[in-house]
Amino acid sequence: MKTHRNHANYWAFVLHRISGLALLLFLPAHFYVLALAVEQAATLDMFLSWTEAPLVKLLETGLVILLAAHMTGGLRILAIEFLAWRNWQKSVVAITGGLSLAA
């Protein structure tokens with residue numbers, strides 16, 4: 001018996017949901033820092049010096065990857081909803097999507 005959790009669409013959904021939740025957590029902090037840039041220059045400078053830490057740089061890289069994954073998942077959903085696909089076209093898109101994530 002094949003379960004839905006073995007299907008590629010399920011894992012695409014999971015990745016899209018996780019990346020969306022990560023962005024949900026990040027965006028309020030990002031907007032707060034933007035507000036600091038307008039009102040408190042000294043506090044902004046202190047925060048920017050904190051972002052030079054290697055761990056923060058690693059987390060920022062992960063954030064960019066999650067943002068790209070979320071955008072790709074959203075484009076995938078739009079393509080599924082609005083384009084008529086043949087089976088061979090679905091395979092080509094899946095392969096190229098996998099290769100682009102691997103690169």
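Give the residue, chosen from 100, 19, 91, that is hydroxyl-bearing (Ser, Thr, Tyr) and either exposed (fewer than 10 other Cβ atoms within 10 Å of the Cβ) or in contact (Cβ under 8 Å) with a residue 40 or more places away in the chain (or both).
Only one candidate qualifies: 19.
Out of everything in segment 65-88 that is among the hydrophobic types (A, V, I, L, M, F, W, C) and assigned to a loop (DSSP other than H, G, I, E, B), what residue ends up being surrounded by the most Cβ atoms within 10 Å (Cβ to Cβ)?
85
Here is a list: 78, 67. Which entry is more than 14 Å from the chain's Cα centre (by Cα) and modelled with pLDDT of 80 or more?
It is 78.
Testing residue 8 on (1) touching a residue at least 24 places away in the same chain (Cβ under 8 Å); (2) surrounded by 12 or more Cβ atoms within 10 Å (Cβ to Cβ), one condition comes back false. Which one is that?
Just one mismatch for residue 8, condition (2).
Take segment 42-64 and flag every residue that is among the charged types (D, E, K, R) and either at pLDDT below 85 or surrounded by 10 or more Cβ atoms within 10 Å (Cβ to Cβ) (or both).
Of everything in segment 42-64, those that are among the charged types (D, E, K, R) and either at pLDDT below 85 or surrounded by 10 or more Cβ atoms within 10 Å (Cβ to Cβ) (or both) turn out to be 45, 57, 60.
Taking the condition of being among the acidic types (Asp, Glu), over 13 Å from the mean Cα position of the chain (by Cα) and assigned to a helix (DSSP H, G or I), how many residues in segment 41-64 meet it?
Residues meeting the conditions: 1.
The values are calculated or read from the model by the stated rules, or taken from the named source; none is laboratory data. Small disclaimer: the values here were computed from a predicted structure and weren't measured. Cβ coordinates were reconstructed from backbone atoms using ideal geometry, including for glycine residues, and neighbour counts include every protein chain displayed.
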